[in-house]
1. According to a simple spin-label model (label point 7 Å from Cα along Cα-to-Cβ), what is the distance in nm between residue 128 and residue 52?
2. Can you tell me how much longer the chain between residue 111 and residue 66 gets when fully stretched, taken as 0.36 nm per residue apart minus their C-alpha distance, in nm with one decimal?
3. R0 = 35 Å: FRET efficiency of residue 45 with residue 74, Cβ-based, nearest 0.05?
4. Could you go through the stretch 50-55 in sequence order and give the Karplus-derived ³J(HN,Hα) for each residue, using 6.51 cos²θ - 1.76 cosθ + 1.60 with θ = phi - 60°, rounded to whole Hz, and x for Gly and Pro?
5. Checking the a/c ratio against 1.5 first, then a/b against b/c, what shape does the Cα gyration tensor give for the stretch 45-113?
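Every read-out reported here was derived from the displayed coordinates using simple, explicitly stated rules and does not represent laboratory data. These figures come from a predicted structure and were not determined experimentally. Heads up, the Cβs are rebuilt from the backbone with ideal geometry, glycines too, and the neighbour counts pull from every protein chain shown.
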Amino acid sequence: AKSRARAALLRGKTRFFFPRTLARLPLRKRAPPRAARPRMSIVRQERLLWTTLGLTAGALSFLDVRRSLWSSSSALADAFPSPPPPQTPLPADEPVFGARAKHTFKRSWNNAVDQTFGDLTKYLSDRRL
């Protein structure tokens, strides 16, 4: 009888388990009854509700301000005429720093260096360094 029951069990034709097989199977935990399940506290529900409402209100106000800024800027742009095209620059006869200006700058630079380091230059030339 055991071999027939075992063969039927292996074929999946029976719902019954052997007592030894049943003892080897792990026990599944049943879900607690609906009233005993942990529920979200009322305080947490209120926090979630007001957080959601606050985020929604903030997002809507942001979008409204953004829309109004775009519409006011486009209305302002339509009120003023477009800027005139840029003027073509006049051709310059001489560069800003022409040959004369460069020569004057070099001369004044050399005079300033001579006044600043004149004594040091004399001292080093006396010592032939």
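1. So the label points at residue 52 and residue 128 sit 9.9 nm apart.
2. On the way: separation 45, 0.36 × 45 = 16.20 nm, distance 6.28 nm.
Computed gain between residue 111 and residue 66 is 9.9 nm.
3. Computed FRET efficiency for residue 45 and residue 74 comes out at 0.20.
4. My calculation for the stretch 50-55 gives 6, 5, 5, 5, x, 5 Hz in order.
5. Working: a/c = 10.48, a/b = 2.44, b/c = 4.31.
Since a/c reaches 1.5 but b/c is at least a/b, the shape of the stretch 45-113 is classed as oblate.
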